[in-house]
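The next block holds one structure in the form of structure tokens; read it before the comments.
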Amino acid sequence: MNNSFDYIIETNDITKKYGDFTAVNSVNLKVPRNSVYGVLGPNGAGKTTLISMLCTILRPTSGGATVNGYDVVKNAREVRASIGIVFQSRALDDILTGREHLEMHASLYAVPSNVRQKRIDEVLDLIALGEKADEYTKTYSGGMKRRLEIGRGLVHHPKVLFLDEPTLGLDPQTRENIWEYITKLNQEEDITVLMTTHYMEEADQLCDEVAIINQGQIIKSDSPINLKRELKADTITVKVDKPELFTEKVKTLDYVQKVFEDDSTIKLMVERGENLVPPLVNFANQNGVMVESIELQHPNLEDVFISYTGTKITGGR
Amino acid sequence: MAELEGIYTIWLREMKRFVRYRSRILTSVVTPLLWLVIFGTGLGSAIRFGNVAGGYQAFIYPGIIGQTILFTAIFSGVSVIIDRQYGFLKEILVAPITRPSIVFGKAIGIGTAAVIQGVILLVLSFVVGVQMTPLIFIACTLLMIPISVGLAGVGLLIASFTDSMEGFNLIMSFVVLPMFLLSGALFPVSGLPMFLQAAVYLDPLTYGVDALRQIILGTGVIPLQISITVIMVFAAVMVFLSALMFTKKEQELM
């Protein structure tokens with residue numbers, strides 16, 4: 001198979017600098033066609049900058065990228081015609097109705113007039129605005145606005161849909177609806193979804209492949225399952241009465257691979273943690289440390305992130 | 001073809017916004033009427049104004065039409081800044097249409113809104129006792145098109161340089177009010193001190209107001225064909241410049 005056809009997005013050392021600050025640093029990304037691809041990282045990691053360059057909103061300082069086979073700088077117009085974008089911040093006109101937003105979008109993207117009405121009806125069906133479709137968007141709830149924005153990004157049948165933090169600021173119920181919706185979309189349409197997120201569960205649940213980004217650099221990319229498997233580690237979270245002492249002592253144990261302190265709790269990375277809970281408690285007692293609670297967890301993406309960067313993803317600004 | 005449709009789409013949005021903000025239409029008619037009825041009558045009775053039939057009130061009528069167009073066109077152009085703050089400009093700028101088409105669509109849309117307001121004032125000519133014939137009506141409407149589009153271009157040009165509405169007062173003090181006051185909307189521009197005279201002739205709106213005045217009242221100081229030429233050139237240059245700026249500053253606007 002032809003390589004350029006396997007990957008709908010490819011970046012080549014793409015870099016964005018603002019003065020001395022490097023927001024995105026030589027990123028190489030390969031996004032397989034028809035996948036849901038996640039760019040995962042804390043706030044300020046460079047996710048939005050990266051996605052903006054792929055959407056032609058920002059010009060790279062150096063390096064480049066192709067989207068659907070088109071160069072994001074030289075063929076910006078062709079790239080724009082191939083993609084749909086849902087921005088992190090709202091991009092609606094509050095005095096237009098939902099339907100009018102879709103109509104406007106369809107004509108800006110030159111959707112053929114004979115299929116236009118059908119497409120708009122399909123999208124309205126999909127995003128389930130009901131009667132609200134003909135009301136001004138200023139009367140919409142946060143979830144409806146987001147659904148409208150996602151739907152709008154689909155009217156022209158893009159090859160790639162970019163979602164920048166699609167569920168940011170939404171309540172859990174709405175968030176799950178959006179997740180369901182994205183999964184359904186990817187299954188039913190010939191479309192690749194590239195999303196950024198700082199919600200671990202979101203990436204875990206939705207994405208076929210995830211790139212972990214921190215301080216402008218891709219640290220690791222693979223499927224969520226492989227990332228977790230590769231970690232070969234369970235996490236034991238312990239609460240003790242003398243955390244400093246315990247941390248110091250526990251580091252000397254050879255079955256403890258890594259130790260992280262997080263406020264009053266201590267996280268230990270171990271292999272096959274289920275066998276290690278009793279010896280750990282005994283070990284603490286021998287050293288005069290009282291274990292208040294102990295918990296075993298199999299790895300999640302948050303742990304993957306911690307193991308590669310040494311910091312937590314949420315709040316790790 | 002796609003470009004024409006893009007221009008039409010942007011024009012259409014501008015029209016929908018114009019029609020839906022009813023309070024804005026109301027103010028845009030009431031404000032000029034206040035000027036005509038109160039200011040016109042007030043100052044008109046205090047001074048002897050012999051050179052125009054119908055007196056001072058009739059004299060400022062074309063000027064107030066010019067003022068209405070000026071305020072509407074420039075502020076609608078500047079409203080692109082609000083579109084930008086609400087993120088809606090991004091949605092338009094990432095669409096696969098050229099930047100000049102976006103600017104043309106905006107300028108024509110804003111121009112249409114300003115012309116509609118001018119036409120409403122033409123219909124209200126009886127308030128100041130000016131006689132309106134179909135010919136004058138049509139000639140004025142046609143003339144208002146390049147004036148409106150040119151001023152919309154000024155607004156768009158300002159918007160491409162400004163990133164927040166905090167600059168709004170600056171625009172008011174340094175662009176809109178000087179353009180209005182220097183245009184000869186409120187006083188005859190002949191016989192002014194030299195420095196003022198020069199400023200008056202640098203103001204593009206002077207030519208618009210003078211041309212309207214000649215068509216409506218039959219008096220003016222600049223030959224009509226010169227005024228019309230200046231207005232057309234002004235409109236073309238302003239739209240061209242804002243199209244250029246939107247193309248050049250595309251990245252900063254998104």
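With contributions of -39500 (n - 2.57) from each DSSP H run of at least four residues, the per-residue ellipticity at 222 nm computed over chain A stands at -10500 deg cm²/dmol. Only the Cβ atoms of Lys and Arg (+1) and of Asp and Glu (-1) were treated as charged; on that basis the dipole of the range B:1-103 about its Cα centre amounts to roughly 260 debye. Its Cα centre serving as origin, the range B:2-253 has a Cβ charge dipole (Lys and Arg +1, Asp and Glu -1) of approximately 360 debye.
For the residue pairs A:Lys184/A:Lys312; A:Lys16/A:Lys228; A:Lys242/A:Lys267; A:Lys228/A:Lys267, the alpha carbons lie more than 20 Å apart in A:Lys184/A:Lys312; A:Lys16/A:Lys228. Net charge dipole, chain A: roughly 860 debye, given to the nearest 20, about the Cα centre with Cβ charges of +1 for Lys and Arg and -1 for Asp and Glu. Close amide H contacts of A:Ala233 (hydrogens built in the peptide plane, cut-off under 5 Å, sequence separation of 5 or more or a different chain): none are found. Candidate cross-link partners of A:Lys249 among the aspartates and glutamates, defined by an alpha-carbon separation under 15 Å and a same-chain spacing of 8 or more, comprise A:Asp241, A:Glu261. Structural descriptor for the range A:3-228: relative contact order 29 percent, calculated from alpha carbon pairs under 8 angstrom and at least 6 residues apart. Between the residues B:Leu135, B:Thr229, B:Ile120, the greatest Cα displacement towards the positive end of the dipole of chain B, with unit charges on the Cβ of Lys, Arg, Asp and Glu, is found for B:Ile120. Among A:Ile266, B:Ile138, sorting on how many other beta-carbon atoms sit within 10 Å of each Cβ, with the fewest leading, yields B:Ile138, A:Ile266. Positive-end ranking of A:Val250, A:Ala76, A:Tyr181 along the dipole of chain A, with charges on Cβ about the Cα centre, is headed by A:Ala76. Charge tally around A:Leu301: other residues with Cβ under 9 Å, Lys/Arg +1 each, Asp/Glu -1 each, net -3.
Estimated purely from DSSP H runs of n ≥ 4, each contributing -39500 (n - 2.57), the mean residue ellipticity at 222 nm for chain B is -24000 deg cm²/dmol once divided by its residues.
Among rounded, prolate and oblate, which fits the range A:234-298 when a ≥ b ≥ c are the square roots of the eigenvalues of its C-alpha gyration tensor, a/c under 1.5 means rounded, and a/b larger than b/c means prolate? Note, shape of the range A:234-298 comes out rounded.
Where both bridge residues fall in the protein assembly as shown, DSSP classifies roughly 70% of the beta bridges as antiparallel. The phi-based Karplus calculation (6.51 cos²θ - 1.76 cosθ + 1.60; θ = phi - 60°) puts the 3J(HN,Hα) values of the range A:279-293 at x, 5, 4, 4, 4, 5, 4, 4, 9, x, 10, 8, 8, 7, 7 Hz, whole numbers, x for Gly and Pro. Take the alpha carbon gyration tensor of the protein assembly as shown, find the square roots of its eigenvalues, order them as a ≥ b ≥ c, and report rounded if a/c is under 1.5; if not, report prolate when a/b exceeds b/c, else oblate. Since a/c reaches 1.5 and a/b is larger than b/c, the shape of the protein assembly as shown is classed as prolate. Remark: A:Ser141, B:Ser79, A:Ser26, B:Ser160 ranked as A:Ser141, A:Ser26, B:Ser79, B:Ser160, counting other beta-carbon atoms within 10 Å and listing the fewest first. When DSSP beta bridges are restricted to pairs lying wholly in chain A, around 70% turn out antiparallel. Modelled spin-label separation between B:Ile82 and B:Ala53, with each label point placed 7 Å from Cα along the Cα-to-Cβ direction: 4.3 nm.
Taking 30 Å as the straight-line reach from the Cα of B:Lys106, the lysines in range (excluding those fewer than 8 positions away in the same chain) are A:Lys74, A:Lys118, A:Lys132, A:Lys138, A:Lys145, A:Lys159, B:Lys16, B:Lys90, B:Lys248, B:Lys249. Take each peptide in A:270-283, A:298-311, count the other Cβ atoms within 10 Å of every residue, and average; sorted highest first, the result is A:298-311, A:270-283.
When a/c is below 1.5 the answer is rounded, else prolate if a/b is larger than b/c, else oblate, so apply that to the range A:115-232 with a ≥ b ≥ c taken from the square roots of the Cα gyration tensor eigenvalues. It comes out prolate by the Cα gyration axes. Across peptide A:107-114, the average count of Cβ atoms from other chains found within 10 Å of a residue's Cβ is 5.
We did not get these values from a lab; they are worked out from the coordinates using the rules stated. Predicted model only: the values in this text are computed from it and were never measured. Here Cβ is always computed from backbone atoms with ideal geometry, including for glycine, and neighbour counts include all displayed protein chains.
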